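These notes concern the structure reproduced below.
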Amino acid sequence: MQEIDQRDRELLGALQGEIPLSSTPFAVIGQMIDMSEKEVIKRTEKLKREGYVRAVAAQFDTRALGYRSCLVAAKVPPERIDDAAAAINTHPGVTQNYKRNNDFNLWFTIAIAPTSKLGLEKTVEILGGEADCDAVRALPTLKQFKNSDDDGHHSDEKYTPLTPGEIECIRLLQRDLPLQPRPFDMLASTSASRSSTTSPSTPASTRSRRSIRRRSTRRRASTSSRSSATSGSRRTAAPPRRRQQQGKRHPGHAS
């Protein structure tokens, strides 16, 4: 990793501020720090290659969007922790998942959409069962001390459902912004293809809920079969269906 210079630091500060909703946002950023649009894009590409920038994307206030989220501590047998993390990471609302040197040795954060029929507590309970955790403990936020640019009262406000168009905009703006002069044009051009592959009537939370129920049904059937063959046999976890992605983070900002 190469050392960054003062101009890189100025650019990083601008990128972590506010990306203007302009047809040519990198040109606007360049005007703010006396840098050409071409140099802004070139330096940002270099900073991403060298690991200084993870992604350039919008960061949304999940509470304002009606989501419920919390930190969850799970207790898992050490020999099963990788499988447990992989099972938990299949849920689209899980944004971070880390091992800890503690009796509760797996900690993750999860956000649940306002349209969820299971709710936060039930989702956490089901995920704990799917991952074969010995115990799960939800640790909701009581007071927020960081990343607070407002008075922090979103949770007390009445949630207004978003329109399908607003939901699609949020999905697009959470993607890594293309490093080209007119990045929003490219995001907009992908909207139609995304709509054709993902039915708007089946949100991610619904697909995840169906997946959880299908896995639960298969596991119960498998356990019942084993119990009838061998009385008192111990239930074994099904192998994870996806590769573990520990430390998964939401690409909501440049860092």
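The values are calculated or read from the model by the stated rules, or taken from the named source; none is laboratory data. Keep in mind that what you see is a predicted model, and the values were worked out from it rather than measured. Positions of Cβ are generated from backbone atoms using ideal geometry, with glycine treated the same way; all protein chains shown enter the neighbour counts.
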Checklist entry - within 26 Å of Leu162 (Cβ to Cβ) and not in a loop (DSSP other than H, G, I, E, B) - does that describe any residue in the range 15-27? => result yes
Log entry, pairs with first residue in the range 32-46 being assigned to a helix (DSSP H, G or I) and exposed (fewer than 14 other Cβ atoms within 10 Å of the Cβ), second being of a type outside the set (Asp, Glu) and at pLDDT 95 or above, beta carbons closer than 8 Å, six or more apart or on different chains, reads Glu45/Leu179
Of those in the range 56-74 that are modelled with pLDDT under 85 and crowded, with 18+ Cβ neighbours inside 10 Å, the residue nearest to Lys42 (Cα to Cα) is Thr62
